[in-house]
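The values are calculated or read from the model by the stated rules, or taken from the named source; none is laboratory data. Owing to the predicted nature of the structure, the values given are computational and were not obtained by experimental measurement. Cβ: placed from backbone, ideal geometry, glycine included. Neighbour counts: every protein chain shown.
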Amino acid sequence: MVISHPTEYDAYLFHSGRLFQSYKTFGAHIRKENGIWGVRFTVWAPHAKQVNVIGDFNQWNGDYYRLEKVNDEGIWTKFFPNLTEGMLYKYEITTADGRILRKCDPFAFYSEKRPNTASIVYDLSGYQWKDEKWHLLKKNNPTYHNPMFIYEVHAGTWKKKQNGEFLTYKELAEELIPYVLEQGYTHIELLPLVEHPFDRSWGYQGTGYYSVTSRYGTPHEFMEFVDQCHQHGIGVILDWVPGHFCKDDHGLYFFDGEPTYEYANPYVMQNDVWGTANFDLGKMEVKSFLISNAIFWMDVYHIDGLRVDAVANMLYWDMDGSGELTENPYAVAFLKTLNEEVFKFNPEALMIAEDSTAWPLVTTPTDRGGLGFNYKWNMGWMNDVLKYMELDPIYRKYHHQLLTFSFLYAYSENFILPFSHDEVVHGKKSLLNKMPGDYWQKFAQLRLLFGYMITHPGKKLLFMGGEFGQFDEWKDLEQVDWFLLDYDMHHKMHAYNKKLVEFYRKEKSLWELDLTWDGFQWIDPDNNEQSILAFIRKAKNKDDFLVIICNFTPVVYHHFNVGVPVYAVYEEVFSSDDPAFGGSGQLNEKKLKSKKKKWHGKPYSISMTVPPFGISILKPIKKLKSIYKVTRKQEFQTHDFITAKIQKRKGAS
């Protein structure tokens, strides 16, 4: 990392909202000045009377460690010789009204493990990355036309040690990476790893945005984790929270005694839902701070992308306390600039919006009027399908639109289909336990739900524990219920999910045209009476397609007719009802030869068995010759037919 003394130009860019690698200027940097090694501290505190550095190196007395104010906009800096890596420090800020605040460094690269709160002088340089092949692979294989199945993980509760302690970054690399490889996921998405004081905030209420949490190890150990992921072909995505931050005394809240990182407007300063403070996205220095932070994770830690949390909370605000939500123009401008600058720095980055609104063009480039993300979570699909699956199957026919509505807008954005941690906490029940019915039916419907997800247009995301059907919702102080794998149905569910991900990654028709209508065709969207959906997913090669039939009732349908587009022999290449997965065994084991009988608006049809609470996936394996009868008049009007007859006669003579 090239570190510069804060020049006048640095200050100009920072105050203009355009210093997009401000971590190279601000914070605590080990460096040599005038031939002497030491640490330069630089901080922004525009309302402060004085800023001192306190730490274990001066017995927390800052009388002789006073920073100098270099401009009227509140940048303070000074070099102190003979300070070294590992020293603890904070800023001692004298406010305009004479109060003394002790704050951790907003740009600290490392922090004490909670409950301690000091920042730590840390040199981020020195790690030797070995992920060049991964970056070349990303450049040559953009995710848009490739499979992407994300495994969402909370690092503290995926697994724990026997004594209840967290796994370290190093131990996560040793255990999580082989597991993800075995299960076939393409990416790991980690809940926020910014430093945060309270475990149960899961990192969504941070204090140290540049400080990877010390709960699991050091910054260099996290670099090694990411590097190992990349060397094994796994992408790494971080949840990132630029909308709000926690109000703990040592953090960003009222940093210099007055609103600094938060809005001054009392109506929008506080985020009452989460008990946090909202970032002032209209303040230029905050813009520099946050956009630099997004780039920092990609620059320093080689993170592949960010899932931007709570975009809806940024886009809309109640600016006058009237209770009416209106568009926040500062947030719109911030998000556009954020995405523009991230893609300038890293064209292959994943910028994923967690947005529950109907805001248009979220994944459209900014020069075409969009917000500039390249993916968006499909919260509408997730809400609709889970609402549908929780219904008693008897009543599902009255709510069939919950299954089909998402197809009307499936290609309006670049979507990711998420079954995230948000859906299995706070009394919402686990995915398995949302399913109605008896023990067998719950598992059958979860298999169906996952099958429907991988065949529906869009990339995929699943939170840890869902892959083997955890019965309890996520217990955020305990590890995932791995002991359930000792039980037959959970073991089979785990095997099913692995096979499903493998099937998804193998079949080009499920992702090659994932972002265009060319990759999808309805067979029958309207069979609400039987609660059956039938549709086609297609690859670029027109002969490569899948026929998908989903049955959301416990009824088995034998001799069920399905329209197909090609006269061919079809094979059932995947079934969620396979006994190996815990199914009832209603399979189509014989090849299915299509008939020249129109059905569902298609020129041909097949007769098959549709399993209970199941998904069947068919694929053409052999084309048949299609010979249609025509009238004698039509024959003689066909030049090719007449020519063939003449040639045949000549040959006979």
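With in contact with a Cys (Cβ under 9 Å, 6 or more places away or on another chain) and touching a residue at least 60 places away in the same chain (Cβ under 8 Å) as the only criterion, which of LEU510, LEU533, LEU500 stands out? Before you say what the answer is, go through the steps one by one.
Working: LEU510 fails: in contact with a Cys (Cβ under 9 Å, 6 or more places away or on another chain); LEU500 fails: in contact with a Cys (Cβ under 9 Å, 6 or more places away or on another chain).
Testing whether each residue is in contact with a Cys (Cβ under 9 Å, 6 or more places away or on another chain) and touching a residue at least 60 places away in the same chain (Cβ under 8 Å) leaves just LEU533.
Selection over the range 398-414 of residues that are without any contact (Cβ under 8 Å) to a residue 60 or more places away in the chain and either closer than 18 Å to GLU189 by Cβ or among the aliphatic types (A, V, I, L, M) (or both) gives a count of 2.
Collect the residues in the range 50-72 that are under 25 Å from MET284 (Cβ atoms), at pLDDT 95 or above and not basic (Lys, Arg), keeping them in residue-number order. Lay out the reasoning, then the answer.
Taking the range 50-72 first, the residues under 25 Å from MET284 (Cβ atoms) are 50-51, 67-72.
From what's left, at pLDDT 95 or above: 50-51, 67-69.
The answer is GLN50, VAL51, LEU67, GLU68.
The listed residues are LEU417, LEU448, and the only one of them that is touching a Cys at 6+ places or on another chain (Cβ under 8 Å), in contact (Cβ under 8 Å) with a residue 24 or more places away in the chain and under 28 Å from HIS145 (Cβ atoms) turns out to be LEU448. Reported count of residues in the range 402-438, each being over 22 Å from VAL308 (Cβ atoms) and surrounded by fewer than 19 Cβ atoms within 10 Å (Cβ to Cβ), is 12.
For the range 274-283, the criterion of being of a type in the set (Ser, Thr, Tyr) and over 27 Å from PHE198 (Cβ atoms) is met by none of the residues. Looking across the range 86-98, the residues that are assigned to a loop (DSSP other than H, G, I, E, B) and either among the acidic types (Asp, Glu) or more than 18 Å from TYR253 (Cα to Cα) (or both) come down to GLY86, MET87, ASP97.
Among the residues of the range 231-251, are any in a helix (DSSP H, G or I) and either buried (at least 23 other Cβ atoms within 10 Å of the Cβ) or touching a residue at least 24 places away in the same chain (Cβ under 8 Å) (or both)?
Initial filter on the range 231-251 (in a helix (DSSP H, G or I)): 231.
Those left that are additionally either buried (at least 23 other Cβ atoms within 10 Å of the Cβ) or touching a residue at least 24 places away in the same chain (Cβ under 8 Å) (or both): 231.
Checked against the condition, which is being in a helix (DSSP H, G or I) and either buried (at least 23 other Cβ atoms within 10 Å of the Cβ) or touching a residue at least 24 places away in the same chain (Cβ under 8 Å) (or both), the range 231-251 yields at least one hit.
If you go through the range 261-270 one residue at a time, do you hit one that is touching a residue at least 24 places away in the same chain (Cβ under 8 Å), assigned to a loop (DSSP other than H, G, I, E, B) and touching a His at 6+ places or on another chain (Cβ under 9 Å)? Within the range 261-270, not a single residue is touching a residue at least 24 places away in the same chain (Cβ under 8 Å), assigned to a loop (DSSP other than H, G, I, E, B) and touching a His at 6+ places or on another chain (Cβ under 9 Å). For the structure I just gave you, tell me whether LEU101 is part of a loop (DSSP other than H, G, I, E, B), hydrophobic (A, V, I, L, M, F, W, C), surrounded by 18 or more Cβ atoms within 10 Å (Cβ to Cβ) and not assigned by TED's automatic domain parsing to the domain that holds LEU461. The answer is no for LEU101. So which residues in the range 278-288 are within 12 Å of GLU262 (Cβ to Cβ) and within 24 Å of the chain's Cα centre (by Cα)? Those that are within 12 Å of GLU262 (Cβ to Cβ) and within 24 Å of the chain's Cα centre (by Cα): ASN278, PHE279, LEU281. Within the option set THR117, THR168, THR157, THR186, being farther than 30 Å from TRP517 by Cβ and touching a helix residue (DSSP H, G or I) at 6+ places or on another chain (Cβ under 9 Å) holds for one residue only, THR168. A single entry from LYS387, LYS344, LYS397 fulfils the requirement of being surrounded by fewer than 17 Cβ atoms within 10 Å (Cβ to Cβ), under 23 Å from the mean Cα position of the chain (by Cα), under 30 Å from VAL556 (Cα atoms) and at pLDDT 95 or above: LYS387.
Evaluation of ALA277 against the conditions (1) without any contact (Cβ under 8 Å) to a residue 40 or more places away in the chain; (2) part of a helix (DSSP H, G or I) shows that the sole unmet condition is (2). Scanning the range 280-323 for residues that are assigned to a strand (DSSP E or B) and either among the hydrophobic types (A, V, I, L, M, F, W, C) or modelled with pLDDT under 95 (or both) yields LEU306, VAL308, TRP317. Inspect the range 479-492 for any residue being touching a residue at least 60 places away in the same chain (Cβ under 8 Å), among the aliphatic types (A, V, I, L, M) and surrounded by fewer than 24 Cβ atoms within 10 Å (Cβ to Cβ) and give the result as yes or no. Within the range 479-492 (the criterion being touching a residue at least 60 places away in the same chain (Cβ under 8 Å), among the aliphatic types (A, V, I, L, M) and surrounded by fewer than 24 Cβ atoms within 10 Å (Cβ to Cβ)), the answer is yes, since at least one residue qualifies. Just to confirm my filter: which helices (runs of 4 or more DSSP H) fall fully inside the range 346-447 and include at least 3 residues that are under 26 Å from TRP202 (Cα atoms)? Helices (runs of 4 or more DSSP H) meeting the threshold: 379-389, 431-434. Among the residues making up the range 21-41, a single one is under 22 Å from MET284 (Cβ atoms), in contact (Cβ under 8 Å) with a residue 40 or more places away in the chain and surrounded by fewer than 23 Cβ atoms within 10 Å (Cβ to Cβ): GLN21.
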